[in-house]
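Here is the structure we will look at, set down as structure tokens.
The values are calculated or read from the model by the stated rules, or taken from the named source; none is laboratory data. Computed from a predicted model, the values in this text were never measured in an experiment. Quick reminder, even Gly has a Cβ in these numbers, built from the backbone with ideal geometry, and neighbours come from all protein chains shown. The area values use the complete protein model at the heavy-atom level, side chains included, leaving out ligands, DNA and RNA. Shrake-Rupley method; radii C 1.70, N 1.55, O 1.52, S 1.80 Å.
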Amino acid sequence: QVQLVQSGGGLVQAGGSLGLSCAASGRTFSINEMAWWRQAPGKQRELVARISRAGSATYADGLKGRFANSRANSKNTLSLQMNNLKPEDTAVYYCSASSTLPGPHWGQGTQVTVSS
């Protein structure tokens, strides 16, 4: 199977930056697309960014330019750099991976809190 372990996140003031990482292990050769999602209190989980195995990244509306999603296949890691953070970015962030193996595969979630 595929296991995803997240790190990073935390508390930052508005306008600050944070980074998230997601390390994949197990049958990583089976992973195709990876993505970041977030879920704010009382809201549905929403897609933040996705990236193909080849490194083609797409972002949710309004996030491109502030968020940068990258992937290092050789290290089986996914990273999300978040800049100019806003209070509305406060949420639990999750990484996910789609693979040829039965899934879905999710990270454990990481809290990001942006204070005003």
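3J(HN,Hα) along region 84-92: 6, 5, 10, x, 6, 7, 4, 4, 8 Hz, from the Karplus curve 6.51 cos²θ - 1.76 cosθ + 1.60 with θ = phi - 60°, whole Hz, x for Gly and Pro. In a fully extended conformation the segment linking ALA60 and SER30 would gain 8.3 nm over its present Cα-Cα distance, using 0.36 nm per residue. Region 1-56: which trypsin sites (Lys or Arg not before Pro) are DSSP loop and have at most 16 other beta-carbon atoms within 10 angstrom? Passing both the DSSP loop test and the Cβ count: ARG27, LYS43, ARG45, ARG53.
Placing one identical point scatterer on every Cα of the chain and ignoring solvent, what is log10 I(q)/I(0) from the Debye formula at q = 0.12 Å⁻¹? For the requested q values the scattering log ratios are -0.38. The share of alpha-carbon pairs in region 4-59 lying farther apart than 16 Å comes to 59%.
Counting only Cβ charges, +1 for Lys and Arg and -1 for Asp and Glu, the dipole size of region 1-74 around its Cα centre is about 60 debye. Over region 21-88, the fraction of Cα-Cα pairs per 10 Å bin, rounded to whole percents and listed from the shortest bin up, is 19, 50, 26, 5. Taken per residue, the accessible surface of the chain reaches 53 Å², heavy atoms only and a 1.4 Å probe. For region 73-116, the calculated P(r), taken from all Cα-Cα distances in 10 Å bins from zero up to the bin holding the longest distance, is 22, 43, 26, 9, 0 percent. Here the Karplus relation 6.51 cos²θ - 1.76 cosθ + 1.60, evaluated at θ = phi - 60°, turns the backbone of region 97-102 into coupling constants of 9, 9, 9, 7, 8, x Hz, with x for every Gly and Pro. Shown for the chain: the carbon plus sulfur share of the solvent-accessible area, taken with all protein chains present and a 1.4 angstrom probe, equals 49%. Charge tally for SER56 (other residues, Cβ to Cβ under 14 Å; Lys, Arg +1; Asp, Glu -1): +3. Note on the chain: antiparallel DSSP beta bridges, both residues inside, total approximately 90 percent of the bridges counted.
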